[in-house]
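Read the figures in this text as sums done on the coordinates, not as results from a lab. Since we're looking at a predicted model, the values are computed, not measured. We place every Cβ from the backbone using ideal geometry, glycine too, and count neighbours over all the protein chains shown.
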Amino acid sequence: MQTKADKNVIQTKVGVYYALAAFTLWGFLPLYWKLLNAFTAGEILANRMIWSAVFVFILLLKRGQVDEVKQIFKQPKKLRLVMLSAVIISTNWFIYIWAVNSNHVLETSMGYYINPLIVILMGTLILKEKLNRLEIIAILFAATGVLIMTLQYGRVPWVSLALAVSFASYGLCKKVVQIDSLVALGVETFLLSPFALLYLVVTRTSFLSTAATVAPATVLLLTMAGFFTALPLLWFAQAAKRVTLALLGFSQYLSPTITLLLGIFLFREPFTTTHIISFGCIWIGLMIFSYVQTIKLKASRKTHKIV
């Protein structure tokens, strides 16, 4: 018979798998967004919100959880937290799309390397999660890598900081609010979609008018934006409930690393000595942290067997 401790270990493992899935998909998403260059950034953002709501609603119907969404609207405290997370993630999306379309791609990349450090900081200061000496050393290595990138940039990267803080705050909201992740995502997207529709009305942009000017396959890709937006967010929410913010924070390095490899080997972007040093420090930190987590997991298994 499984003990509570055994179940916690299993839940942590599941959380790690969810985290890896979410950040891997996010890492490859630049390939997908490049296929939508026929649309404006605002139109992509609005459609992300709307089609995410549609996709999540279908999942809620299939699982019979629509009534649970209705219940959240009757609980002011939980609704406020979900509303906050909706505002935070929509802000993150807006900044990212604006930055990419304003030639601040370097700052967006830097932001998602800074983000795990912000997540870990929130975990230690707000949730009182403990770090041992090796974990602190790992964080210092990663921080050094990010600092080198920041100094090389030559000015305060406000876009990077905004992206990092907003996504870290979103993760914290997911950690704090104790409701089903799909239900929370449903409430978030339902709250965001009216504003998306309002944007399309105000800008006189409609799905039908856009569909008439581009290839059908491209229109299909636009509708799939909801799927590729909601799915990793759902996985991320599942991970946030099961693992510490520190572990979640380091897992997030997977996404920008995949994007880095795409940039080097697919898009042929320059990779300088500064980049090598920066990423080298980050990867050393990752290896140390991974080693510590492996030791902890083994020790936990031994303890459970003894008990």
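Hey, got the dipole for the chain? About the Cα centre, +1 on K and R Cβ, -1 on D and E Cβ, debye to the nearest 20?
Result for the chain is approximately 1140 debye, rounded to the nearest 20.
Run the quick spin-label model on Gln11 and Thr24: label points 7 Å from Cα toward the beta carbon, then report their separation in nm to one decimal.
Here the modelled spin labels are 2.4 nm apart.
Between their Cα atoms, which of Lys128/Lys174; Lys130/Lys296; Lys128/Lys175; Lys74/Lys241 are more than 19 Å away from each other?
In this structure, Lys74/Lys241 exceed 19 Å between Cα atoms.
For the chain, what does the helix formula give at 222 nm: sum of -39500 (n - 2.57) over DSSP H segments with n ≥ 4, over the residue count, nearest 500 deg cm²/dmol?
So the helix-based figure for the chain works out to -27500 deg cm²/dmol.
What nm distance separates the two modelled labels at Trp158 and Leu198, each placed 7 Å from Cα along Cα→Cβ?
Going from the Trp158 label point to the Leu198 one covers 2.5 nm.
Of Ile139, Gly154, Leu262, which is farthest on the positive side of the dipole of the chain, counting Cα position, with +1 on Lys and Arg Cβ, -1 on Asp and Glu Cβ, and the Cα centre as origin?
Farthest towards the positive pole: Ile139.
Simple spin-label model, 7 Å along Cα-to-Cβ: Leu31 to Leu121 in nm?
3.4
About the Cα centre, and with charges only on the beta carbon of Lys, Arg (+1) and Asp, Glu (-1), how big is the dipole of the stretch 1-87? Nearest 20 debye, please.
Dipole magnitude for the stretch 1-87 comes out near 320 debye.
Toward the positive end of the charge dipole of the stretch 59-113, about the Cα centre and with charges on Cβ (Lys, Arg +1; Asp, Glu -1), which of Ile97, Met83, Leu60 goes farthest?
Of Ile97, Met83, Leu60, it is Leu60.
Taking the Cβ of Gln11 as the center, what net charge do the other residues with Cβ under 11 Å away carry, scoring Lys and Arg +1 and Asp and Glu -1?
That sum, taken over residues with Cβ under 11 Å, equals +4.
For the stretch 41-94 and the stretch 232-274, what is the centre-to-centre distance using only Cα atoms, to the nearest Å?
24
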